[in-house]
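Chemist: Here's a structure for you.
The values are calculated or read from the model by the stated rules, or taken from the named source; none is laboratory data. Just so it is clear, the structure is predicted and the values come from calculations on it, not from any experiment. FYI the Cβ positions are ideal-geometry reconstructions off the backbone, even for glycines, and counts take in every protein chain you see. Just the protein is used for accessible areas: all its heavy atoms, side chains included, with ligands, DNA and RNA removed. Shrake-Rupley method; radii C 1.70, N 1.55, O 1.52, S 1.80 Å.
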Amino acid sequence: MITADQLLVKQINKSIVLNTIRKKGNISRAEIAGITGLNKSTVSFLVDELINEGFVKEEGPGESKGGRKPIILSINNKAGCIIGIDLDVNYILIVLTDLMANVIWEKKIDVKIGETQQTIIERLIELIDEAISNAPETIRGILGIGIGVPGIVDYKKGSILLAPNLKWENVPLKQIIEDKFKIKVHIDNEANVGAIGEKWFGAGAKYNNLVYVSAGIGIGTGIIINGELYRGTVGLAGEMGHMTIDIHDHQCRCGNTGCWENYASEKALLEYLNTQLLMGKSDEYINKNNFYTLSAIDIIDYARKGSKIAIEALKEIGRKLGVGVVNIINTFNPELIIIGNTLSLADDLILNEVLKEVEEKSLVYRYYKVKIKTSKLQFHAGAIGAVSLVISELFAYPGL
């Protein structure tokens, strides 16, 4: 009879074997044993189980180093599909991927600011239905649904406690989606999701201590310490967009005064431009006549075309982003800061401004040159991160 302790050890070893195959790519049973320290018979037994479960496949014989040729193993990308959703304030991006987060199908729809909770959830359900209908036939079907949301989340229950920019409070989104589709759902704050995505598949793959800054309509941060997402005591860590930058500034939607996101978000970008237009500044691209129809992406596009007012505005937001990044570096001393979400698309304009602020004002940076990059996954960081929520659990508990 297998005891609970023996079952746990087996699960842990199985996870180690599966993750070794994921990280190393094509690899033999003997090489896995050498890397992990597990004996060859244990590795062989666990690999056979993973093959039977559909997560691992044999690629064929490899090169011999004397004796019989080893059989090379790899992750079976086609074991199943995963749905990842970036639920933002002004859009929903949904992707359907394989087991290694390669996108099979995707769709983005715009969401009008102020749309009701019911309307947004109905549109979300329609998109999930569409993703499922586009899923190819696989061994294990849809393995899970991951959702990143812009707000404070009880990730264990899958409830949105507060999403101030969506004006949602106490929404049991996990239960709603699971009841509809009978598929396991994982929900987390969008910045946490972005951090996980960058750690698994993006710019943070080689780093164990990093902070992901999601700079969109608001600002959030996902914190990776020693290779693991830092959640804090009850899972609410990372709300650094609401750290106070100016105690005399106007009130934020969260109820606090002078929050970082008041200065360095898409919202701040639009407010800054509006102020400049009221002062009489404009150019052939941005003026009083078209300003109220513009999005942050439009402004970035105009900056690329040479709009002086757009370039000035983005540089100003870059400087304000830098102020918060200085605080992050002084607090966490990470190896890497990743700027993600919409404003990362203006990397050539904002990144130098962030670096200037950090070089001038960060005490820690004088002694350790933290790397600062924009997201490798760019606009897909949230959706791929949501996929990573599912993948990370599958790889931690194989076969579930």
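Chemist: Of all residues in region 282-326, which are touching a helix residue (DSSP H, G or I) at 6+ places or on another chain (Cβ under 7 Å), open to solvent by 60 Å² or more (accessible area, probe 1.4 Å) and part of a loop (DSSP other than H, G, I, E, B)?
Modeler: Selection gives SER282, LYS288.
Chemist: Is it fair to say ALA303 is touching a residue at least 40 places away in the same chain (Cβ under 8 Å) and more than 22 Å from the chain's Cα centre (by Cα)?
Modeler: Here the answer is yes, as ALA303 does meet what is asked.
Chemist: Looking at the structure I just gave you, is ALA163 closer than 17 Å to GLY238 by Cβ and without any contact (Cβ under 8 Å) to a residue 40 or more places away in the chain?
Modeler: yes
Chemist: Working carefully through the options LYS65, LYS14, find the one that is open to solvent by 20 Å² or more (accessible area, probe 1.4 Å) and among the basic types (Lys, Arg).
Modeler: Being open to solvent by 20 Å² or more (accessible area, probe 1.4 Å) and among the basic types (Lys, Arg) holds for just one of LYS65, LYS14, which is LYS65.
Chemist: Could you give every pair whose Cβ atoms fall below 6 Å, whose first residue belongs to region 222-233 and is assigned to a strand (DSSP E or B), and whose second residue is at pLDDT 90 or above and small (Gly, Ala, Ser), counting only separations of at least 6 or pairs across chains?
Modeler: Listed pairs, sorted by first residue: GLY222/ALA191; GLY222/GLY194; GLY222/ALA195; ILE224/ALA195.
Chemist: Check whether at least one residue in region 243-251 is hydrophobic (A, V, I, L, M, F, W, C) and over 17 Å from ILE329 (Cα atoms), and report yes or no.
Modeler: yes
Chemist: Considering only region 327-344, state which residues are in a helix (DSSP H, G or I), open to solvent by 10 Å² or more (accessible area, probe 1.4 Å) and either out of contact with any Leu (no Cβ under 6 Å at 6 or more places or on another chain) or among the aliphatic types (A, V, I, L, M) (or both).
Modeler: ASN327, THR331, PHE332
Chemist: How do the strands (runs of 3 or more DSSP E) wholly within region 122-194 filter down when requiring 2 or more residues that are over 20 Å from LEU93 (Cβ atoms): which remain?
Modeler: 152-154, 159-163, 168-171
Chemist: Related question: Just checking, which of LYS24, LYS40 is under 21 Å from TRP200 (Cβ atoms), of a type in the set (D, E, K, R) and either open to solvent by 60 Å² or more (accessible area, probe 1.4 Å) or in contact with a strand residue (DSSP E or B) (Cβ under 8 Å, 6 or more places away or on another chain) (or both)?
Modeler: LYS24
Chemist: OK, next. Taking GLY66 as meeting all but one of (1) out of contact with any Lys or Arg (no Cβ under 6 Å at 6 or more places or on another chain); (2) at pLDDT 90 or above; (3) more than 29 Å from VAL149 (Cα to Cα), write down the number of the exception.
Modeler: (2)
Chemist: Just give me the residues in region 35-93 being of a type in the set (S, T, N, Q) and part of a loop (DSSP other than H, G, I, E, B), in sequence order.
Modeler: ASN39, SER64, ASN76, ASN90
Chemist: If you don't mind, there's one more thing I want to ask. Inside region 147-202, can you point out the residues that are among the aliphatic types (A, V, I, L, M), modelled with pLDDT under 95 and open to solvent by 30 Å² or more (accessible area, probe 1.4 Å)?
Modeler: Scanning region 147-202 gives ILE152, LEU161, LEU162.
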